[in-house]
Structures are given as structure tokens and as C-alpha cells.
Amino acid sequence: MSQWKIDPEFQELIPAMEPQQLDQLRENILRDGVRDPIVIWEEESTIIDGMHRYQIALEHDVQVPLKLLHFDSREDVKEWMIKNQLGRRNCKPIQQSDLRKKLVELRKKEQPQKTQQQVIEEVAEEANVSVKTLERDVQEEAAGSNGKAPKTQKEGKAPKKSNKPVPSLAKIDEDVKRLWGQLVRLMDTRLQKTGPQDEHRARPCRHLLGDFMEKFEEWQKSG
């Protein structure tokens, strides 16, 4: 079993397991053995899935099932590894984002004739995410590589601090009630101008306003 190699570049490509996850995996293997096969890039005798399982099994002399796959290049192996990892249920959102970015960079090298936007659209479809989500992933990566935080404002400027005092909760309550009263009076005025035949148009609005005030008063009591 020691004939299979672990490539450092492939090892860094996928998220590392946390210590508690590794302890749980070791406990499972010692109790049940290795259930999922170790996947090998046959041409290079290199492990491309199951590195942790392999290391634990080797340490405790546990037999492992193997699955040999053929690939034409390292890039093909990397793409398979990324997609395989993205399909795992225990892959966290932040890890998924990182893997998608790696897939974009890999695809850009493989297909230099395509624009970045074309690559993003292609990878987004394969990764089953929206183009907007993948664009955000890539933008965050670009901002991080420049040592800058991602821009959240339109011009990337921090919001100006206001010198105005923060109103008290009681003042906010009073303002909300005042505005609500003004809105109801405005509706009554409009009804007087248009006549009773338009009462049915305003009734849904009044119901919504009534619901709002009921919920608002509940919120007041809970606070």
C-alpha cells in the first residue's frame, strides 16, 4: 500500500480537515475499516482522493479499497479533484467559494482564448451557482490579493460618521406613531375627495396599516 504517493500540490488544493474531524475519521476507520475507496491517478501512482484515509490506514495497517482513474494531465486531475470536493455534503460555504475560485483560475489557464466573464459563466453553470455569486467570489479574491478589503460602498469609501445624536427608543416610537397617523389622515382625505365608491381601494391599505401597528405594539411590549 505504501507505493501510492501524496502530491503536495494536490494536497493543498483541497480544504484540510479540522483536528476533531480527523479524530472522528480515525475512530471510524479503526472501528469499521475504510469503506470509501482511495482514488488513484494511475499514470502517476498518486492519490487524488482519500489522502487522510490513506495516511490513517497506513499508520494502523488497515487495508483499503482502491479505485484507479486515468487522466491526461495534472490540470485534468486538479479539475476532477475540485469538482469532487464541491460535491461533498460537508464542504462549508467558505470552502466552496475558495474551490470555485480555484476552478476559475484553472479554467482560465486551460482556455486563454476565453474572456474572464465567459469562464465565470461556464464555471457557474458547472458549479450550480449564479453568475453573480461567482463574480463576487472572484472579486473578493482579487481584492485580497491586492491587500485590500472588498469594496462595499459605491466608490469604495467608508461611510462618513454622523455627529447627530442617536434618537432614543421612545423618540423612535413617537415618530412612528406620528407618521402612521399622518398616513391614515391622508387616506381619509383622499377618500373624501374621491367618494365612498373608492372605499374598496383603500380597505386593503388600512388592513395592512392596522396589522403593522398591532405588530409594532407587540414589539414595544416585548422590549
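Quick notes on this one:
- Any chance GLU59 is over 29 Å from ALA124 (Cβ atoms), exposed (fewer than 13 other Cβ atoms within 10 Å of the Cβ), modelled with pLDDT under 95 and among the charged types (D, E, K, R): yes
- Any hit, the stretch 117-134, residues being in contact with a Phe, Trp or Tyr (Cβ under 6 Å, 6 or more places away or on another chain), in a helix (DSSP H, G or I) and in contact (Cβ under 8 Å) with a residue 12 or more places away in the chain: no
- Unique residue being assigned by TED's automatic domain parsing to the domain that holds TRP4 and within 17 Å of LEU106 (Cβ to Cβ) when the list is LYS78, LYS67: LYS78
- Filter pass, SER145 being at pLDDT below 90 and either surrounded by 15 or more Cβ atoms within 10 Å (Cβ to Cβ) or not β-branched (Val, Ile, Thr) (or both): yes
- Of the residues making up the stretch 35-76, those that are on the phi > 0 side of the Ramachandran plot and over 30 Å from the mean Cα position of the chain (by Cα) number 2.
- Residues of the stretch 72-86 that turn out to be surrounded by 14 or more Cβ atoms within 10 Å (Cβ to Cβ) and assigned to a loop (DSSP other than H, G, I, E, B), as a count: 0
The values are calculated or read from the model by the stated rules, or taken from the named source; none is laboratory data. Note that the structure is predicted; figures quoted are calculated from it, not measured. Using ideal geometry, Cβ is built from the backbone for each residue, glycine included, and neighbour counts are taken over all protein chains shown.
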